[in-house]
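Colleague: Below: one structure in structure tokens.
The values are calculated or read from the model by the stated rules, or taken from the named source; none is laboratory data. The shown structure was predicted, so the numbers you read here are calculated from the model rather than taken from an experiment. Because the Cβ atoms are built from the backbone with ideal geometry, glycine has one as well, and the counts that use them run over all protein chains shown. To get the accessible areas, we keep the full protein, side chains included, count just its heavy atoms, and leave off ligands, DNA and RNA. Shrake-Rupley method; radii C 1.70, N 1.55, O 1.52, S 1.80 Å.
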Amino acid sequence: MYNKSNSRIIIIGGSGLIGSSLNSYLLKKDFKVIATYANNFSDGMVKFDFTKDKLKNIFKDISKDDIFIILSAYGNPSWIAENKEKAYDLNVKHTINLINEISKIGSKIYFMSSVEVFDGTSQTNYESTKPNPLNYYGETKFQVEEYLKERIKNYHIIRTGWNVGINLKSRCVISLTYETLLKKDAKMATDNSFTITHVDDLTDAISKIIFSNDKKILHLCSSKVISRTQLADLIIKMSLNRKKMSYKETLFSEIKYNEPRSKLNNLESQYKEINKDLFFRDTEQTIKEKVSFLDSKI
């Protein structure tokens, strides 16, 4: 029986952006939480490198009442494109091995996937939209999704888009756009769009659905879509460094990447009955918070 009294929430990848936010939030709400780290030491967390360690050797008393949230993965698409073997080893091979270990115990699994499983041709990507990843990062997420669907019973997939933390840990679309605007000859695509979600809102949403959700795939993110040029304009408007920032408009097809990228990363949930109980702050507020933080670091 999965509930707050009986179940522990075990966060695999607790030292990352989403993991650290989720761990802190759940502890404040008095959930039973175990968070793990592999390389980046985090106080209060358990060292667990699932590329080397066996689950049963680290956790002696795991039961079917526990809930695993798998967050650990390489997440930088550009790096992954240049290091496909390493990315496959962690994001697919060892993740599937971990899933198999958990499945034998019978615990519930939540796997964090990404909008990158889509090809960016749909104006809106819902849970029912057919995945078709363009880049290798999206392909690794897609392969694990397919394995879960075909082989595992007690699973759930969460997909999200760009998440923003108000810290330096966050490799986010606001930070990347801010940095680009300070460079000479910056270009912003008028036809590139996405959603921006404050990571604290994502973790609050996870806490609300983790026991009650019966959907195998669920999108958790702000549903407001913003274009790259709209984001750039807001950053310039809000930043104390606005006089140093400028850009030229271009088309997404003119932006050079080391592999194909999705033009429209617009994610939304088709399950309105679930989303009515979730809160995602206004996108402009998230941008304002992050820009203010970035200004303070320059």
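Colleague: List the trypsin sites (Lys or Arg not before Pro) within region 166-225 that DSSP assigns to loop and that have no more than 10 neighbouring Cβ atoms inside 10 Å.
Modeller: Listed in order of number, the matching sites are Lys184.
Colleague: Taking 0.36 nm per residue of separation and subtracting the Cα-Cα distance, what length does fully extending Ser253 through Asn76 add?
Modeller: 61.7 nm
Colleague: Helix 199-209 versus the longest principal axis of the chain: what angle, 0 to 90°, nearest 10, using Cα atoms?
Modeller: Approximately 40 degrees, to the nearest 10.
Colleague: What accessible area per residue, rounded to a whole number of Å², is obtained for region 117-265 using a probe radius of 1.4 Å?
Modeller: Per-residue accessible area for region 117-265 comes out at 46 Å².
Colleague: Let me ask another. For Lys224 and Thr121, what is the calculated FRET efficiency with R₀ set at 22 Å and r taken between the beta-carbons, to the nearest 0.05?
Modeller: Approximately 0.60, to the nearest 0.05.
Colleague: Then there is this: Rounded to the nearest angstrom and ordered from largest down, what semi-axes does the equivalent ellipsoid of region 164-298 get from its C-alpha gyration tensor (root of 5λ)?
Modeller: The answer is 29, 18, 12 Å, longest axis first.
Colleague: Quote the relative contact order of region 1-155 in percent (integer), defining contacts as alpha-carbon pairs under 8 Å separated by 6+ residues.
Modeller: 21
Colleague: Let me see the pair-distance distribution of region 91-141: every alpha carbon pair, 10 Å bin width, integer percents in order.
Modeller: 23, 41, 28, 7, 0
Colleague: Something else now. Run through the DSSP bridge list for the chain and note the antiparallel percent, rounded to the nearest 5.
Modeller: Approximately 10 percent, going by the DSSP bridge assignments.
Colleague: Take the residue pairs Lys93/Lys169; Lys56/Lys93; Lys183/Lys288; Lys104/Lys169 and return only those whose Cα atoms are more than 24 Å apart.
Modeller: Pairs exceeding the cut-off: Lys93/Lys169; Lys104/Lys169.
Colleague: Given region 32-187 reduced to its alpha-carbon atoms as identical point scatterers, what log10 I(q)/I(0) does the Debye formula return at q = 0.21 Å⁻¹?
Modeller: -1.53
Colleague: So what is the relative contact order of the chain, in percent, for Cα pairs below 8 Å that sit 6 or more residues apart?
Modeller: In percent, rounded to a whole number, it is 19.
Colleague: Between Asn97 and Glu284, take the C-beta separation as r, use R0 = 41 Å, and let me know the FRET efficiency to the nearest 0.05.
Modeller: Efficiency for this residue pair is about 0.45.
Colleague: What are the radius of gyration and Dmax of region 48-119, computed over its Cα atoms and given in Å?
Modeller: Considering region 48-119 through its Cα atoms, Rg and Dmax are 13.6, 42 Å.
Colleague: Using a Cα-Cα cut-off of under 15 Å, which aspartates and glutamates could be cross-linked to Lys130, ignoring same-chain neighbours fewer than 8 residues away?
Modeller: Output for Lys130: Glu116, Asp119, Glu139, Glu145, Glu146, Glu268.
Colleague: Further question: So if we plug the beta-carbon distance of Lys297 and Ser42 into 1/(1 + (r/R0)^6) with R0 = 22 Å, what FRET efficiency do we get, rounded to 0.05?
Modeller: Once the sixth-power term is evaluated, E becomes 0.50.
Colleague: From the cross-link list Lys108/Lys208; Lys215/Lys276; Lys149/Lys208, which pairs have alpha carbons spaced over 21 Å apart?
Modeller: Lys149/Lys208
Colleague: Mind checking which aspartates and glutamates have their Cα closer than 17 Å to the Cα of Lys32? Skip sequence neighbours fewer than 8 apart in that chain.
Modeller: Straight-line reach from Lys32, under 17 Å: Asp43, Asp61, Asp65, Asp66, Asp204.
Colleague: Normalised by the residues of region 122-233, what does the relative contact order come to in percent, with Cα pairs under 8 Å and at least six apart?
Modeller: RCO, region 122-233: 33 percent.
Colleague: What does the convex hull of the Cα atoms come to per residue for region 115-180, in Å³?
Modeller: Convex hull of Cα atoms, per residue: 130 Å³.
Colleague: Under the rule of at least 5 residues apart or a separate chain, name every residue whose amide H is placed under 5 Å from the amide H of Ile10.
Modeller: Long-range HN contacts for Ile10: Ile34, Ile67, Phe68, Ile69.
Colleague: Kindly provide the pair-distance distribution of region 6-77 built from C-alpha pairs, with 5 Å bins from 0 and whole-percent values in order of increasing distance.
Modeller: Taking all Cα pairs of region 6-77, the binned fractions are 3, 16, 28, 27, 17, 7, 1, 0 percent.
Colleague: Also, I was wondering about something else. Treating the Cα atoms of region 231-298 as identical point scatterers in vacuum, please give the log10 of the normalised Debye intensity I(q)/I(0) at q = 0.29 Å⁻¹, two decimals.
Modeller: The Cα Debye sum returns log10 ratios of -1.19.
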